[in-house]
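The values are calculated or read from the model by the stated rules, or taken from the named source; none is laboratory data. Everything numeric here is computed off the predicted structure, so don't read it as measured data. Glycine gets a Cβ as well: all are built from the backbone with ideal geometry, and neighbour counts include every protein chain shown.
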């Protein structure tokens, strides 16, 4: 299994800013997940997005993959939002 990409890695690959990638994740255009306060994007999500926006119809078959192919059932990630913390007031 390959490590997920950071916002900066995706931004360098697409020649845009990390904030642009962050907003794409926020809008749901690009699949990503949080690790603490950091956002990570799976390689598959980057490749899928590139294929959706590409003009080539055989993009998926010809895309370079970073890791071994895995069945979808093996890569299930379940995320749950934590309740928002309330700040304590100073006495």
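Between a first residue in the range 11-28 that is under 11 Å from residue 39 (Cα atoms) and a second residue that is part of a helix (DSSP H, G or I), which pairs have beta carbons less than 7 Å apart while being 6 or more apart in sequence or on different chains?
18/7; 18/8; 18/11; 21/7; 21/10; 21/11; 22/7
Just to be sure, is residue 79 surrounded by 12 or more Cβ atoms within 10 Å (Cβ to Cβ), at pLDDT 55 or above, touching a strand residue (DSSP E or B) at 6+ places or on another chain (Cβ under 7 Å) and part of a loop (DSSP other than H, G, I, E, B)?
It is false that residue 79 is surrounded by 12 or more Cβ atoms within 10 Å (Cβ to Cβ), at pLDDT 55 or above, touching a strand residue (DSSP E or B) at 6+ places or on another chain (Cβ under 7 Å) and part of a loop (DSSP other than H, G, I, E, B).
Could we say that residue 10 is within 26 Å of residue 85 (Cβ to Cβ), surrounded by 16 or more Cβ atoms within 10 Å (Cβ to Cβ) and within 9 Å of the chain's Cα centre (by Cα) here?
no
Looking only at residues in the range 29-49 that are touching a residue at least 40 places away in the same chain (Cβ under 8 Å) and in a helix (DSSP H, G or I), which one is surrounded by the most Cβ atoms within 10 Å (Cβ to Cβ)?
Restricting to residues being touching a residue at least 40 places away in the same chain (Cβ under 8 Å) and in a helix (DSSP H, G or I), the top hit is 46.
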